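The values are calculated or read from the model by the stated rules, or taken from the named source; none is laboratory data. Please read these numbers as outputs of a predicted model, since none were measured by experiment. Cβ: placed from backbone, ideal geometry, glycine included. Neighbour counts: every protein chain shown. For the accessible areas, the whole protein counts, side chains as well, though only heavy atoms, and no ligand, DNA or RNA atoms are used. Shrake-Rupley method; radii C 1.70, N 1.55, O 1.52, S 1.80 Å.
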Amino acid sequence: MKTHAFTAKSVWLGGLAGDGLVEAGELKTGYSVPSSLGGPGKASNPEEMLLAAATACFSITLAAALERRGLSAEAVEVTSQATFGFDGRTLHLTAVEHRLRLRAVGAELDREKLEEALKAAELGCMVSRALNVAVTVRYD
């Protein structure tokens, strides 16, 4: 198996009301605890970054799956929502839902091949697999 290594670095200043900076490759952003969890909510947060990673991974994986099936999409637009539960001690990711919108090039996409590509993307996205929760895909 060929391996790929990625590196991230973060610096957190302060307690719950603090903030931090995270860098990974071309990504460089501030983060803080969301206000809904008792923090200042003044920057992005790990939950949003996790969801953004899942959304980006799914869209790239779907674009590749469409291409492998000879389908062309001008754009793959994914709007995602993550649900977290709190058990009194820790926060848990309970579900991710991707809502998909495709802009096809030329004629309509072959529905059967599209369904195959959607399933392949759902199973092939390494972030979705790492999350180990139910990931649903809705396509209108």
So which lysines pass the test for Lys28, namely a Cα distance under 18 Å, with those fewer than 8 places away in the same chain ruled out?
Lys9, Lys42
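Can you give the helix-only mean residue ellipticity at 222 nm for the chain, where every DSSP H stretch with n ≥ 4 adds -39500 (n - 2.57) and the sum goes over all residues, rounded to the nearest 500 deg cm²/dmol?
Working: 3 runs with 43 residues, N = 140.
Mean residue ellipticity at 222 nm (helix-derived): -10000 deg cm²/dmol.
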Ranked by accessible surface with a 1.4 Å probe, highest first, in what order do Leu62, Leu50 come?
Leu50, Leu62
Anchor Lys119: lysines whose Cα lies under 27 Å away (excluding residues fewer than 8 positions away in-chain)
Lys2
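Of the peptides 36-42, 53-59, 113-119, 6-12, how do they stack up when ordered by the mean number of other Cβ atoms within 10 Å, highest first?
Working: 36-42: 13.4, 53-59: 20.0, 113-119: 17.3, 6-12: 9.1.
Those peptides, ordered most packed to least, come out 53-59, 113-119, 36-42, 6-12.
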For the chain, share of DSSP beta bridges that run antiparallel, in % to the nearest 5
75 percent
Ordered by residue, what ³J(HN,Hα) values in Hz, to whole numbers, does segment 130-139 give under the Karplus form 6.51 cos²θ - 1.76 cosθ + 1.60, where θ = phi - 60° and Gly and Pro are x?
5, 5, 6, 9, 5, 10, 10, 10, 10, 10
Placing unit charges on C-beta atoms (Lys and Arg positive, Asp and Glu negative, everything else neutral), compute the dipole magnitude of the chain about its Cα centre in debye, rounded to 20.
260 debye
Pairwise over distinct Cα atoms, reciprocal of the mean inverse distance: report the Kirkwood radius of segment 19-140 in Å, one decimal place.
15.9 Å
Helix axis angle, 111-124 relative to the chain longest principal axis, alpha carbon, degrees:
30 degrees
Towards the positive end of the charge dipole of the chain, with charges on Cβ (+1 Lys, Arg; -1 Asp, Glu), say which of Val133, Leu21, Met1 has the farthest Cα.
Met1
Angle between the Cα long axis of helix 46-68 and the longest principal axis of the chain, 0 to 90 degrees, nearest 10?
10 degrees
